[in-house]
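The values are calculated or read from the model by the stated rules, or taken from the named source; none is laboratory data. The shown structure was predicted, so the numbers you read here are calculated from the model rather than taken from an experiment. Cβ placement follows ideal geometry from the backbone for every residue including glycine, while neighbour counts extend to all protein chains displayed. The accessibility values were calculated without ligands, DNA or RNA, using every heavy atom of the protein model including side chains. Shrake-Rupley method; radii C 1.70, N 1.55, O 1.52, S 1.80 Å.
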Amino acid sequence: MLALEVSDSNLLQRIAAQCASVPVKAEEPSIAPPKPWSLPGFGAGACVTTAFGFVPVEALRRRDPVKTRDGRFLEVQHVDTVRLDRRFLLTHPDAQPIAIAKNRLAANIPNQTILMSGCQKIRSPGQFDQVSGKMAADYVDLGRAERKCHGYFTYYVFHCGEPCIVNVNGLWVDLDPDSLETPQD
């Protein structure tokens, strides 16, 4: 009986060798990388200069008159609230806000710590001949700002219907309605 068991075992091994399967490489699921964050905006508490004083960005409403750098008052044409949850912020770290501390860019600029999108364009203090602003994220590399990680964050986005420069917490910032358009895929 022992001889029979050994021959059965040898037979099974030979059959298994003939039927050996070719290893199949598991395919990686195709996950598109997240699109880079491109929405400008401000965190709660950022104060915008209007005809009736400094107004927190979260309290701005359509038709509020916002003072521009050239002295005009333009009405707010669009106001939006963008709430980001933990999952989104974990998969899009560039959507985390940039914090610029009080007096970090110049004396009294900004006049209080401000949170804003890394895509928000800021004009350098004292340089009135600038053609365009620098992204808030660029100030992180210069050591003048830092990225603040949040589990949840809300951006307040507004524009005045045309490109303009307005004062938010002592900073001159670019508002451009075209920067809010979603690119077509």
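Listing for the model above:
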| item | result |
| --- | --- |
| Sequence-distant residues sharing a close amide H with Gly118 (under 5 Å, placed H) | Ile98 |
| Sequence of Cys160, Cys119 from largest to smallest accessible area, 1.4 Å probe | Cys119, Cys160 |
| Net charge over other residues, Cβ less than 10 angstrom from the Cβ of Val55 (K, R count +1; D, E count -1) | -1 |
| Accessible-area composition of the range 32-156, carbon plus sulfur, in percent [1.4 Å probe] | 52 |
| Rounded to whole Hz, the Karplus (6.51, -1.76, 1.60) HN-Hα couplings of the range 78-86, x for glycine and proline | 8, 9, 9, 10, 10, 9, 10, 9, 4 |
| Distant-in-sequence amide H partners of Val168 (H built 1.01 Å from N, under 5 Å) | Val173 |
| Extension gain (nm, one decimal) between Arg83 and Arg62, 0.36 nm per residue minus Cα-Cα | 5.6 nm |
| Length released on extending from Phe52 to Lys148, taking residue separation times 0.36 nm less the Cα-Cα span | 31.5 nm |
